[in-house]
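Just so it is clear, none of the values below were taken in a lab; they were calculated from the coordinates. Since we're looking at a predicted model, the values are computed, not measured. Every residue, glycine as well, gets a Cβ built from its backbone with ideal geometry; the counts of neighbours run over all protein chains shown.
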Amino acid sequence: FAPRTSLAGEREPAHHYCRTSVRMISKITHVNVPVENQKEATEWFTEKLGFKVATDVAMSENDPKTRWVTLNPPNQTDLEVVLQPPEWGPDDTDPEVRKTRIGNWGGFVFHSDDVEDDFKTLKAKGVEVMGEPKDLPWGKSLVFKDLYGHVHNIVQPPAKKD
């Protein structure tokens with residue numbers, strides 16, 4: 001669109017005369033992790049990885065057992081990890097189908113300033129790490145599994161070259 005001029009002879013800002021305004025997605029706020037047991041998963045993620053409970057409330061007054069449980073990764077309050085049990089989820093699948101996703105979900109990629117220290121800490125906490133940290137083109141990488149077998153990665157970006 002070409003700039004328009006108002007009746008007073010002043011140039012109008014583009015947002016005044018564009019016919020459509022496209023609003024794009026600005027960020028990810030929640031990600032789902034299929035879990036067998038929300039309480040067990042909460043304990044694992046908080047004790048082993050240092051996550052914090054963001055929300056733990058009943059999904060409805062009629063069913064206090066079904067809970068909406070979310071966790072924040074360390075130092076990241078604008079992202080919540082939803083612990084999704086097989087009892088609820090997309091309406092197109094039944095709980096038995098949703099159970100098959102547990103342990104088969106893609107996992108997270110975490111940022112770290114010291115993967116070697118993370119390796120020692122996770123090993124000491126009994127987390128299943130999949131080998132030693134490796135130097136890769138995108139940084140130093142450490143792969144581990146959570147309590148259900150989901151595979152996650154911790155990456156320490158390479159040092160910036162001057």
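What the table shows:
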quantity	calculated
About the Cα centre, charge dipole magnitude for the stretch 20-101 (Lys/Arg +1, Asp/Glu -1 at Cβ), debye	360
Long pairs among Lys52/Lys145; Lys65/Lys134; Lys27/Lys145; Lys48/Lys140; Lys99/Lys140, criterion Cα-Cα beyond 31 Å	Lys65/Lys134; Lys99/Lys140
Residue list for the stretch 36-78, given a label point 7 angstrom along the Cα-to-Cβ vector of Lys99 and an amide N cut-off under 19 Å	36-41, 66-67
Loop-located GluC sites (Glu not before Pro) in the stretch 52-129, at most 10 other Cβ atoms within 10 Å (DSSP)	Glu61
